[in-house]
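Take a look at the structure below.
The values are calculated or read from the model by the stated rules, or taken from the named source; none is laboratory data. As the structure is a prediction and not an experimental result, all values here were calculated from the model. Cβ atoms come from the backbone with ideal geometry, glycine included; neighbour counts cover every protein chain shown. Each accessible area value is taken on the protein alone, full model and side chains, heavy atoms only, with ligands, DNA and RNA left out. Shrake-Rupley method; radii C 1.70, N 1.55, O 1.52, S 1.80 Å.
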Amino acid sequence: MIKHRSNADELENLRANIVRKMSQLDVKLPEFAKIVGIKYMLLRRIMYDTENQLYFQTSLKPIADYFNVEISDLLSCPHVPQYVPLIGLNEAESFINHPAQFVNHERMILSEKFVHTNAFAINIENENNNCPYKIATFIIKPEDKIIIGYYSIFKNKDNIIFGKLESISNNQLMIRNVENNNVFEIPGSSANVIGNAVRIIVDEDMQSVALT
């Protein structure tokens, strides 16, 4: 087998990407090797070789193909461009609780920046005629932080709402519903945030723009 000396940082980046994906899939190394289509012993050497050696880069091609990136991306960045499932707003809670069920989701979109291992995206159609966009895709980071000015997924009893938190007064949350631009007030004690939008896609070339 042909080997070449590689920068230790590149190897660590490669390993970080593999470990993160295995964690997302909740699988061990042998199973991940089968998923990717690479020999287990080769993958094991890539992950655990203490001499910081990489096998000839053509051997890394199945891994790059699986991530849908170039080999150079795997080696240069510990957070490769991330594909996230595009789901319905009503599926958000289910995804957060059981992300592995959506790994092979039929609709995936690209986020040029790594957001979170279990990040996902939702499409929101705006009914307000004064809004600059009618349909936008928001990339969501699963978290429970309540932050003024953020576009967030709120869970209130049995309802899930996507809106922008405009203010908090006397433990009352003033939220502007993104879908219809209506502002409503709910008690902070009864509202939970299950995800915050960190990027938005509104143009046809699917380039995302940071919200935070």
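Here are the numbers for the structure shown:
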item: Enumeration of residues in region 156-178 that are β-branched (Val, Ile, Thr) and more than 26 Å from LYS134 (Cα to Cα); result: ILE168
item: Test result for VAL193, open to solvent by 20 Å² or more (accessible area, probe 1.4 Å) and not acidic (Asp, Glu); result: no
item: From the options ILE96, ILE186, ILE122, ILE175, residue that is within 28 Å of LYS21 (Cα to Cα), open to solvent by less than 50 Å² (accessible area, probe 1.4 Å) and of a type outside the set (S, T, N, Q); result: ILE122
item: Criterion (among the basic types (Lys, Arg), over 15 Å from LYS61 (Cα atoms), modelled with pLDDT of 90 or more and open to solvent by 30 Å² or more (accessible area, probe 1.4 Å)) met by exactly one of ARG20, ARG44; result: ARG44
item: Those strands (runs of 3 or more DSSP E) lying entirely in region 57-150 with at least 3 residues farther than 15 Å from GLY163 by Cα; result: 82-87, 108-111
item: From the options TYR66, TYR55, residue that is hydroxyl-bearing (Ser, Thr, Tyr) and modelled with pLDDT of 80 or more; result: TYR66
item: Region 156-168, residues that are open to solvent by less than 50 Å² (accessible area, probe 1.4 Å) and out of contact with any Gly (no Cβ under 8 Å at 6 or more places or on another chain); result: ASN156, ILE160, ILE161, PHE162, GLY163, SER167
item: Residue within region 31-52 that is among the β-branched types (Val, Ile, Thr), over 14 Å from PHE67 (Cα atoms), within 27 Å of the chain's Cα centre (by Cα) and assigned to a loop (DSSP other than H, G, I, E, B) present; result: no
